[in-house]
Amino acid sequence: MATIRKRSNGSNEIKVSCGYGVDGKQRAQYKTWKPEPNMTPKQIEKEVNRQAVLFEEACKKGQITAAVKFETFAEQWFDEYAKHNLRKTSYERMRQLTKRIYPAIGRLKLDKITSRQIQ
């Protein structure tokens with residue numbers, strides 16, 4: 001469910017809850033929407049509700065992702081997927097590689113990692 005909060009500068013903040021993270025904290029996505037200067041209050045209300053619905057759908061489809069750091073994502077992947085679906089030797093080898101990978105790109109957010117950094 002999207003929550004809309006009117007701000008003092010005339011814009012609106014839309015907040016969508018995205019569940020809970022690995023650390024147990026609630027995750028949310030935010031979007032700011034600013035109305036056109038010539039819009040009536042009724043038009044503003046209608047459009048902000050439409051924007052909230054569109055933003056919520058985009059978050060649920062995964063088009064809008066939280067800014068998660070690579071190390072956090074990788075640890076979650078190891079726990080939820082790799083441990084159950086990979087052979088023991090493959091899992092252990094990937095765990096060994098994390099000692100080299102985390103210092104290099106562990107601090108970067110997923111959406112900021114480039115192919116050059118991966119190479």
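A few points about this structure:
- Gain in span if fully extended, Lys109 to Glu47, counting 0.36 nm per residue against the direct Cα distance: 19.2 nm
- Pairs beyond 21 Å (Cα-Cα), from Lys88/Lys109; Lys31/Lys60; Lys6/Lys46: Lys88/Lys109
- Stretched out straight at 0.36 nm per residue, the stretch from Lys60 to Lys99 would grow longer than its current Cα-Cα span by 10.7 nm.
- The range 1-55 and the range 72-119: distance between their alpha carbon centers, rounded to Å: 34 Å
- Residues whose amide H falls under 5 Å from that of Cys18, counting only those 5 or more places apart or on a different chain, are Arg27, Ala28, Gln29, with hydrogens built in the peptide plane.
- The Cα trace of the range 2-61 gives Rg and Dmax of 13.1, 45 Å, the first to one decimal, the second as a whole number.
- Other residues with beta-carbon under 11 Å from the beta-carbon of Glu47 carry, at +1 per Lys or Arg and -1 per Asp or Glu, a net charge of +2.
- When each of the peptides 69-77, 81-89 is scored by the mean number of other C-beta atoms lying within 10 Å of its residues, the order from highest to lowest reads 69-77, 81-89.
- Across the chain, the convex hull enclosing all Cα atoms gives 148 Å³ per residue.
Only the coordinates and a few stated rules stand behind these numbers; no lab work does. For clarity, every value in this text was computed on a predicted model and none was experimentally measured. Counting neighbours? That spans all protein chains shown, and the Cβs are built from the backbone with ideal geometry, glycine included.
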